[in-house]
């Protein structure tokens, strides 16, 4: 179990679950018209994907700059999601 976490495989599992959930939500919307639109699913999922990528990089001993880039990407994606939802004002 220690190798599962230390090798970053736990992050791989989380990423797989996030991608599967997003794919299911998009397929459900396309099939029934209910739920979030595909763009909204992407914007809601992307910050989490970037955070998990940063986790994987940290667990595997990557250069700190890559971790910072992944975290910055998560922040930017989160702001894009908030703006899309109307929680941030548009200029």
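Does anyone have the angle between helix 9-32 and the longest principal axis of the chain? Alpha-carbon axes, 0 to 90°, nearest 10? So the inclination is approximately 10 degrees.
For the chain, the longest principal axis of the alpha carbon atoms and the long axis of helix 38-59 meet at an angle near 10°. If you average the sequence gap of Cα pairs under 8 Å that are 6 or more apart and divide by the length of the chain, what percent do you get for the contact order? The value is 28 percent.
Between helix 64-85 and the chain there is an angle of about 10 degrees, using the helix long axis and the longest principal axis of the Cα atoms.
With a Förster radius of 25 Å applied to the beta-carbon distance between residue 16 and residue 82, the computed FRET efficiency rounds to 0.45.
Legend: Rg and Dmax of the chain, from Cα coordinates, 15.3, 49 Å. Model label sites at residue 1 and residue 91, defined 7 Å from Cα along the beta-carbon direction, differ in position by 5.0 nm.
Here, each number is a calculation from the coordinates, and none is a lab measurement. Computed from a prediction, not measured in an experiment: that's the story for all the values here. Cβ sites come from the backbone with ideal geometry, for glycine too, and all protein chains shown count toward neighbours.
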